[in-house]
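Worksheet for the structure shown next.
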Amino acid sequence: RFEGHKKSVTAVATTEDNRKIISGSKDCMIFLWKRGKANPELEIDAHSLPITAISLMNNGNRVISGSEDKTIKVWDLVRGE
C-alpha cells in the first residue's frame with residue numbers, strides 16, 4: 001500500500017522490472033515509489049491542474065506526464081526535474 005497523494009490518483013505506471021511505480025494525481029503531483037517502501041522516493045510538483053496521463057521511458061529514468069493544464073512534460077527522475 002502506497003500513501004502520499006492528497007487527492008485521487010489518476011495515472012499509474014511501472015518500470016519493466018516492476019521495481020518502481022510512478023503515480024500522478026489530481027493534486028498535480030508525481031510520486032516515484034520503490035516496491036516495498038511505504039513512502040515516495042521522489043515527489044515532483046508537476047502541473048498546475050490534475051495529471052491525466054503518465055508513462056515511463058528510458059528504463060524508468062524518465063516520465064512523460066499529461067495534464068488538464070493542456071501540457072505534456074518530460075521529467076528526468078535521476079535529477080528530479
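Bear in mind these aren't lab numbers, they're just calculated from the coordinates by the rules spelled out. Remember, it's a predicted structure, so these values are computed and weren't measured experimentally. We place every Cβ from the backbone using ideal geometry, glycine too, and count neighbours over all the protein chains shown.
General remarks:
- Directionally averaged projected area (convex hull, Cα atoms, the chain), nm²: 4.6 nm²
- Applying 1/(1 + (r/R0)^6) with r as the Cβ-Cβ distance of Phe2 and Ile72 and R0 = 25 angstrom yields a FRET efficiency of 0.55.
- Rounded to the nearest 20 debye, the dipole magnitude of region 1-78 is 200 debye, with +1 charges on Lys and Arg beta carbons, -1 on Asp and Glu beta carbons, and the Cα centre as origin.
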